[in-house]
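Report on one structure; see the data block that follows.
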Amino acid sequence: MKRILLVIGGGIAAYKTLELIRRLGERGYTTRAILTRAGAEFVTPLSVSALSGEKTFQELFDLTDEAQMGHIRLSREADLVVVAPATADLMGKLAGGLANDLASTALLATDKPILMAPAMNVRMWQSPSVRRNADILARDGVKFVGPNGGDMACGEYGPGRMAEPMEIIAAIENALAANKGALHGLTALVTAGPTQEALDPVRFIANRSSGRQGYAVAEALARHGAETLLVSGPVEIAPPQGVKLVKVTSAREMLAATEAGLPRDIAVLTAAVADWRPDVAANAKIKKSDQPENQNGARSISLVENPDILATLANHKHRPRLLVGFAAETDDVLAHAVAKRARKQCDWIVANDVSTDANGNSVMGGTRNRVHLISDAGQEDWPEMSKADVAQRLALKIAEQFA
Ligand code: CTP
């Protein structure tokens, strides 16, 4: 269900806003209204609430309201903010960054798109200052519907009449559609981080993966509208915004959580899954004296191979439509990555060089990445950039693929 925050400014057209609220309700929108002081001269809070079925908000400094529903929350809990009628005053305040009442404060505080349906006298609409403010607002990304031309309540003729409720609804639907990401309607799965393979209750085999690249990919896919599941090994990163996170420890748990998340349209497997695990994980801490020694004094751990999650997904009955693997390599990066793509039967491989830096330290676990994208179309070499930028570029590439 889509939520509209409706700011009702002071103008005779406010009566049409009541009709707008009713039409929105019929279409399944929830509407919460802020009625400005001037708006309340034209319509009453009671009629607005009766039609919206929600409390109507009026004063910024009403302490009860602020405690229950701050202006910030009010403006963020909506999918779209609609100003109807948008008066010269409201336009001017937003264009100038002014906030001295609930309506202007909510407009300034919102992180959602704003649609304005201006209504004012034709001379006011044509005045240089309102023209200037309309330009500023349009440049800032505010969308407009109307005003329409015609006879005005004040007896003059020309543009200034507020758009009709059905025109405003069409503009609301366009604004909401434009706001959907390119991956809206698609589902995605990302694996990230290392896995830990237990030797005993206190020891494990793992690797240097930080999980940063995978978390950034999950966040970028979600930001572009994909419903995203992130299956993560043990890492020290805060959960990304808008993503469902499932935490696992071992490769086998990661495989189970990944398969449980299918079917998905897109899967990006960035996890550095441990290829091997100890044959047996001891129930009690292994003691120094427990292990047999060979003649050279060496001790050995017997390892068995872990399941390959990428290869499993490639042959799964719910194979994702786009399956992307990552390949961290220290030498012959491209040749290994090309071979890996063929062997694991994934669609794309993102290959990165994790060999040591000038000081001989491993670059795995850093914040930047230099990658090559290998697909049917060939190979793309991306310049070095932050992991967040790699994720963003990959998400755009995926969006192109599904366009
Ligand atoms: N991968 C996986 N499950 C595994 C091993 C790897 O899903 N058990 C995935 C990784 O998430 C990555 C890709 O396969 O997307 C390549 O991982 P990599 O460790 O480079 O591949 P390996 O199979 O380990 O190849 P090699 O040891 O030959 O480098």
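The values are calculated or read from the model by the stated rules, or taken from the named source; none is laboratory data. Just so you know, these numbers come straight off a predicted model, no measurement behind them. With ideal geometry, Cβ positions are generated from the backbone for all residues, glycine too; neighbour counts draw on all protein chains shown.
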Worksheet item: Going by the structure shown, is residue 153 surrounded by fewer than 20 Cβ atoms within 10 Å (Cβ to Cβ), in contact with a helix residue (DSSP H, G or I) (Cβ under 6 Å, 6 or more places away or on another chain) and assigned by TED's automatic domain parsing to the domain that holds residue 71?
Response: no
Practice prompt. Output yes when any residue across the stretch 184-194 is surrounded by fewer than 16 Cβ atoms within 10 Å (Cβ to Cβ) and either within 16 Å of the ligand (Cβ to nearest atom) or farther than 17 Å from residue 324 by Cβ (or both), and no when none is.
Written response: yes
Worksheet entry | Filtered residues of the stretch 11-38 (kept if under 18 Å from residue 120 (Cα atoms), touching a residue at least 60 places away in the same chain (Cβ under 8 Å) and more than 33 Å from the chain's Cα centre (by Cα)) | 11, 12, 13, 14, 16, 37
Practice prompt. Of all residues in the stretch 295-311, count the ones that are exposed (fewer than 12 other Cβ atoms within 10 Å of the Cβ), of a type in the set (A, V, I, L, M) and in contact (Cβ under 8 Å) with a residue 12 or more places away in the chain.
Written response: 1
Item to complete: Output the residues belonging to the stretch 96-124 that are surrounded by fewer than 20 Cβ atoms within 10 Å (Cβ to Cβ) and assigned to a helix (DSSP H, G or I).
Response: 96, 108, 109, 122, 123, 124
Item to complete: Give the residue that is surrounded by the fewest Cβ atoms within 10 Å (Cβ to Cβ), with candidates limited to residues of the stretch 257-294 that are within 13 Å of the ligand (Cβ to nearest atom) and of a type in the set (Gly, Ala, Ser).
Response: 257
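Do you know which of the residues in the stretch 364-385 that are among the aliphatic types (A, V, I, L, M) and part of a loop (DSSP other than H, G, I, E, B) is nearest to residue 397 (Cα to Cα)? I'd like the intermediate steps shown before the answer.
Just the residues of the stretch 364-385 that are among the aliphatic types (A, V, I, L, M), to begin with: 364, 371, 373-374, 377, 385.
Restricting the remaining residues to those that are part of a loop (DSSP other than H, G, I, E, B) gives 364, 377.
Details: 364: 24, 377: 12 Å.
Going through the qualifying residues, I end up with 377.
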Practice prompt. Select from the stretch 299-335 the residues that are farther than 18 Å from residue 269 by Cα and among the β-branched types (Val, Ile, Thr) and write down the one among them that is nearest to the ligand (Cβ to nearest atom).
Written response: 330
Discussion item. Residues that are under 17 Å from residue 206 (Cβ atoms) and touching a residue at least 12 places away in the same chain (Cβ under 8 Å), at least 2 per element: which strands (runs of 3 or more DSSP E) completely within the stretch 220-272 meet that?
Written reply: 227-232
